[in-house]
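Report on one structure; see the data block that follows.
Throughout, read-outs are computed from the coordinates displayed, never taken from laboratory work. In this text, all values refer to a predicted model and were calculated from it rather than measured experimentally. As a convention, Cβ positions derive from the backbone with ideal geometry for all residues, glycine included, and neighbour counts pool all protein chains shown.
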Amino acid sequence: MSRTFVAGLGLAAVLTTHVAAEPDPDARDRGDFWREVVSPHHDEVTALKAQLRDALAAIISDGNPEHRAGLVLEATRMARYARQLDPGDVELLYYLAALADEGGHSAAAQRQLVDYVSRTPRPSMRLDALVRLGKIALRQRRPELAIGALRQALAERGDRRSTAAAAIYLAHALDAAGRTGDAIDLLASQIATQPGAWEAEDAAIWLALATLYDRDEQISQAFELVMTAQNVLGAGFAERMEAGLAAVPPVPAPEIHYTRAFVYETAGFLLEARAEWQSYLRMTTVARYRDRAAAHLAAIDGLLAARRGPASRPARPRRSP
């Protein structure tokens, strides 16, 4: 049932109650008359866009692949229906593009996102669309293409979490393009402006920078950054870093394992860290990062061996008298 129909029921009830009220013959010449002429399904499309916004948020946070796929399919049907009602609504193009991206249809998502960015006047949604374009390019191992989109995203006005995501993914793209120094400078400048509240996006930036220092073998810098965070967060260090990782998950997929391994290792969860380093090594082909991951794995194995101590020798059997 559309909102227009519901509103009509409400108006009918008011007219029934106040019988003496005379209808205004010019009422339709004021208010939303022309909007209804140009966009007769405006209220229904507005309601559908609100549902699409909620559905997209649910899809992003859904950890069940099968359930997530069902949500993407249903939301895509809803977006296509809304687009049939109002083909000129540019915001619906964004939802179709975002859902194509979440559904793994990168080529379709790229086309629609580029179209959307060229047409929308809304800075906040342009930012998200550009970040999505950057992430798609990162998954395709095309860092230079990602840099272009993400620089544009960082120049847009948006909330702190969206801006943090743009900065982090731009740093990932710069690093992947061999410009690790530029990536570090970018995130260091972001940290300099942090309010100190340690929200998830703040933790994400600190974690991304510490990981970059580690990859660049600036071990003392990485250690100093981690110690600063641990001194502030105390026992909540690992949980806060996990929140940052969830807020801005690295791409492509192997990078999640590298970053999570780094969190576990610095938090003292060596067995968990070891499993993540092994997962990373199985998935990545980037020699430079493989060397660092292998070094971490060897260091953990050394620590675990030291904790176990020397292997106990079997007791000699006693000789019979």
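Under the 0.36 nm per residue contour assumption, what length would be gained going from the current alpha-carbon distance of Thr46 and Glu66 to full extension?
Here the segment from Thr46 to Glu66 would lengthen by 4.4 nm.
Can you put His67, His105 in order, fewest other beta carbons within 10 Å first? If you can, show how the numbers build up before the last one.
Values: His67 12, His105 16.
Least to most surrounded, the residues fall as His67, His105.
Just grab the label-to-label distance for Glu217 and Asp301, each label 7 Å out from Cα along the Cβ direction, in nm (one decimal).
Output for this residue pair reads 2.0 nm.
Which whole-number percent is the relative contact order of segment 169-321 (Cα, under 8 Å, 6+ apart)?
It rounds to 16 percent for segment 169-321.
What is the set of long-range amide H partners of Asp216 at a cut-off below 5 Å, with H atoms built 1.01 Å from backbone N?
Amide H to amide H, under 5 Å and 5 or more residues apart or across chains, Asp216 pairs with nothing.
Tell me, Val90, Val263 in order of fewest to most beta-carbon neighbours within 10 Å? Walk me through the intermediate numbers first.
Numbers: Val90 15, Val263 25.
The order, fewest Cβ neighbours first, is Val90, Val263.
Determine the gain in length on full extension of the stretch Ala57-His105; use 0.36 nm per residue of separation and subtract their C-alpha separation, reporting nm with one decimal. Intermediate results must be reported in sequence, preceding the final value.
Working: separation 48, 0.36 × 48 = 17.28 nm, distance 1.82 nm.
Extra length available between Ala57 and His105 comes to 15.5 nm.
Could you order peptides 192-201, 151-160, 248-257 by the average number of other Cβ atoms within 10 Å of their residues, highest first?
248-257, 151-160, 192-201
Segment 178-240 to segment 75-112: how many Å between their Cα centroids?
Rounded to whole Å, the Cα centres lie 36 Å apart.
Going by how many other beta carbons lie within 10 Å of each one, how would you line up Ile184, Ile219, fewest first? Show your work: numbers first, answer last.
Values: Ile184 21, Ile219 10.
The fewest-first ordering by Cβ neighbours comes to Ile219, Ile184.
Express the relative contact order of segment 132-225 as a whole percentage, based on alpha carbon pairs under 8 Å and six or more residues apart in sequence.
For segment 132-225, the relative contact order is 21 percent.
For segment 52-65, in order, what is each residue's ³J(HN,Hα) by Karplus, 6.51 cos²θ - 1.76 cosθ + 1.60 with θ = phi - 60°, in whole Hz (x at glycine and Pro)?
5, 4, 5, 5, 5, 5, 5, 5, 4, 8, 7, x, 9, x
Normalised by the residues of segment 68-170, what does the relative contact order come to in percent, with Cα pairs under 8 Å and at least six apart?
Contact order relative to length: 20 percent.
Using the Karplus equation 6.51 cos²θ - 1.76 cosθ + 1.60 (θ = phi - 60°), what ³J(HN,Hα) coupling, rounded to whole Hz, does each residue of segment 94-101 give in order, writing x for Gly and Pro?
4, 5, 4, 5, 5, 5, 5, 5
Considering only Ala149, Ile184, Val131, whose Cα is most displaced toward the positive end of the charge dipole of segment 88-199, charges sitting on Cβ of Lys, Arg (+1) and Asp, Glu (-1)?
Value computed over the given set: Ala149.
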